[in-house]
Amino acid sequence: MKPRATYAARLRRHYAPLVAQHGATHAAVDWGSARGQEARFRVLLEAGDVESARVLDVGCGVGHLVDTLKALKFRGDYCGVDLVSEMVRTAKARHDGWNFREGSLDAVPARFRADYVVGSGLFTFANRQMLEETVAAMFARTRRVVAFNTLSIWGDRGSVGEFRADPAKTLAFCRRLTRHVVLRHDYLPHDFTVYLQREKPTP
């Protein structure tokens, strides 16, 4: 089995039972609390004015970011992708008429050139190489901003098997993609968010 397929299978083994057990709650996506999840979304969306933008949500889970966008009176265009089919089916059932797709970034049509590419909780079972490859692919798909979060080695001790990124090394990598980067490590003790901004929107 190819590495990407192996990783997708691992995610499905972990998350599919959680969706079946917990439905469309924060526990379905293995967040410790709804409050923590909301804090992550708030910081992701502070990367820019998203209300009327084109948003690509990588690792959309059961569609919780859409709940936040709706509360903001979102008037833009949205596409969510996730590797776990159970997640995507639940998201579609919760948000009729919204665009959800099963798969990776490759499942999103090239014509969907997003203003904002966001990812929350993408890297829990990843590694540094996977993080860097994914962030680079996200940046290639945005006209304006990428915003993603990950667990941090600067925080409390994590659970066994969870990947925690080094904020300094992550920032240094992102700096190779663009000079315009922002590190946020001020909202939760064990989590950080990075914004990558283009100098000018691409056509």
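Restricting attention to segment 62-82, the residues that are in contact with a Gly (Cβ under 7 Å, 6 or more places away or on another chain) and closer than 15 Å to SER104 by Cα add up to 3.
Looking at THR90, THR6, THR25, just one residue is of a type in the set (Val, Ile, Thr), over 20 Å from PHE148 (Cα atoms) and crowded, with 16+ Cβ neighbours inside 10 Å, and that residue is THR90.
Residues are listed down the side, and each one gets a yes or a no for (1) modelled with pLDDT of 95 or more; (2) surrounded by fewer than 20 Cβ atoms within 10 Å (Cβ to Cβ); (3) over 15 Å from the mean Cα position of the chain (by Cα):
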position: LEU105; (1), (2), (3): no, yes, no
position: PRO109; (1), (2), (3): no, yes, yes
position: VAL117; (1), (2), (3): yes, no, no
position: GLY121; (1), (2), (3): no, yes, no
position: ALA137; (1), (2), (3): yes, yes, no
position: LYS169; (1), (2), (3): yes, yes, yes
position: HIS190; (1), (2), (3): no, yes, yes
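A Cβ distance below 8 Å, combined with a sequence gap of six or more or placement on separate chains, defines the contacts here; from segment 146-169, residues that are free of Cβ contacts under 8 Å to residues at least 60 places away in the same chain reach residues that are loosely packed, with under 15 Cβ neighbours inside 10 Å and among the small types (Gly, Ala, Ser) in the pairs LEU151/GLY158; ARG164/GLY158. Looking at LEU18, LEU69, just one residue is surrounded by 21 or more Cβ atoms within 10 Å (Cβ to Cβ) and over 12 Å from the mean Cα position of the chain (by Cα), and that residue is LEU69.
The values are calculated or read from the model by the stated rules, or taken from the named source; none is laboratory data. Quantities reported herein were computed from a predicted structural model and do not represent experimental measurements. Every residue, glycine among them, receives a Cβ derived from its backbone with ideal geometry; neighbour counts consider all protein chains shown.
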